[in-house]
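Taking it in order: structure first as structure tokens, then the write-up.
The values are calculated or read from the model by the stated rules, or taken from the named source; none is laboratory data. Fair warning: this is a prediction, and the values are worked out from it, not measured in the lab. Cβ placement follows ideal geometry from the backbone for every residue including glycine, while neighbour counts extend to all protein chains displayed. Keep in mind that these areas ignore ligands, DNA and RNA; they rest on the heavy atoms of the full protein, side chains included. Shrake-Rupley method; radii C 1.70, N 1.55, O 1.52, S 1.80 Å.
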Amino acid sequence: MQTDLTYREALITDIPQIQYVRHAVKENTLSNPELVKDSDVEDYITRRGKGWVAIANNTIVGFAIVSTADNNVWALFILPEFENKGLGKTLHNIMMDWYFSQTQETIWLSTGTGTRAETFYRLKGWEDAGAYGTQEIKFIMTHNKWKKHSNHKLKIPA
């Protein structure tokens, strides 16, 4: 079955589906689902930065959120059944292109060590900046490195 995928900016009305995706992942799970409240998601997509969603069959199947206030990737998650289809790469590129269109500040993120996410970020050109807490790794990306590494041609959704 062919699935048409679309990408667009995240809206406040998307938060329930964003939370569904966040809680459905198999890696980098939250120790307590109550740690990320709807108000936190709203803050990040409306005031601290911006978010985007991937939609298949009128359902959000992935999302990415970046913060220009904190210079970090706050979230990038895909429903398990939609992994390995290029959604993460596309959301990542949209997010990073937008971020660096807003600022040239180095951006950072953290993710679990030994995860597929760690491998993903390494392949996308992120630089290992060492341990973050006890079970995570911190990555950074500079504006110049992104310009050199990103050879895609994307049009950032509004």
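Observations on the model:
- Segment 1-142 - accessible surface per residue (Å², probe 1.4 Å): 51
- Kyte-Doolittle at least -0.5, axis length at least 15 Å by Cα - qualifying DSSP helices, the chain: 87-102
- Of Lys89/Lys147; Lys89/Lys145; Lys89/Lys124; Lys50/Lys145, pairs whose Cα-Cα distance is over 20 Å: Lys50/Lys145
- Carbon plus sulfur fraction of accessible area for segment 35-150, probe 1.4 Å, in percent: 44
- Average Cα contact separation per residue, the chain, under 8 Å, 6 or more apart, as relative contact order %: 20
- Debye intensity ratio in log₁₀ form over the Cα atoms of segment 86-143, taken at each q of 0.20 Å⁻¹: -0.75
- Comparing mean-square fluctuations of Ile12, Ile140, Ile60 from a GNM of the chain with C-alpha springs under 10 Å, the top value falls on Ile12.
- Dipole size of segment 42-131 about its Cα centre, with +1 on Lys/Arg Cβ and -1 on Asp/Glu Cβ: approximately 180 debye, rounded to the nearest 20.
- Antiparallel DSSP beta bridges within the chain, percent to nearest 5: 95
- Of every Cα-Cα pair in the chain, the percent that sits beyond 22 Å: 38
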